[in-house]
Amino acid sequence: MPHLTSTEIAGRIEELYGGPLADLHAHAQHQPPGMLSALLGMHDALALAERSIDVHRDYVARFVHPGRPIGRHEVAHLLDGSRRLAEAVAARDVQATSLLAVLQSLTRAPAPAASPPSASPSAPALPISAQSAVHGR
């Protein structure tokens, strides 16, 4: 299953709900929790994981320049940064996989079609009155 970026996921959510993400966030705040708020929360977690990947990747990159000596102090920072980078990648992968699975299970509901005017129902048939079994005297 491919891992989509938060931008691609945002586009799918916008397409599904028919509005920009900012408007959907505002709308979801005034509604009881539901699928939209769940999707938006998962999207926020995905975006956070992607930002965390960028931060930790840059942090690790500062320690691995060619010609830069790596001492005991740098090794500790390099290991910590690598661990945090791995955690951010794992979080991103889980969020992206979950979001994609949920989005693939949802479809946009078609707009309600204008219903043609229906013919008025025919009046029910009146019951045939039972003839009296009593004869006149």
Query raised in the report: Does LEU85 qualify as being open to solvent by less than 60 Å² (accessible area, probe 1.4 Å), modelled with pLDDT of 95 or more and outside any loop (DSSP other than H, G, I, E, B)?
Result: yes
**Report entry** Complete set of residues in region 6-25 that are open to solvent by less than 60 Å² (accessible area, probe 1.4 Å) and touching a residue at least 24 places away in the same chain (Cβ under 8 Å)
**Finding:** SER6, ILE9, ALA10, ILE13, LEU16, GLY18
Report summary line: Only one of LEU46, LEU21, LEU4, LEU40 is at pLDDT below 90 and under 13 Å from the mean Cα position of the chain (by Cα), namely LEU4
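Can we say VAL75 is surrounded by 12 or more Cβ atoms within 10 Å (Cβ to Cβ) and at negative phi? Step through it out loud before you land on a result.
Values: surrounded by 12 or more Cβ atoms within 10 Å (Cβ to Cβ): no; at negative phi: yes.
Against the criterion (surrounded by 12 or more Cβ atoms within 10 Å (Cβ to Cβ) and at negative phi), VAL75 does not qualify.
The values are calculated or read from the model by the stated rules, or taken from the named source; none is laboratory data. Worth saying up front: this structure is predicted, and the values here are computed from it rather than measured. Counting neighbours? That spans all protein chains shown, and the Cβs are built from the backbone with ideal geometry, glycine included. Side chains included, ligands, DNA and RNA excluded: accessible areas come from the protein's heavy atoms. Shrake-Rupley method; radii C 1.70, N 1.55, O 1.52, S 1.80 Å.
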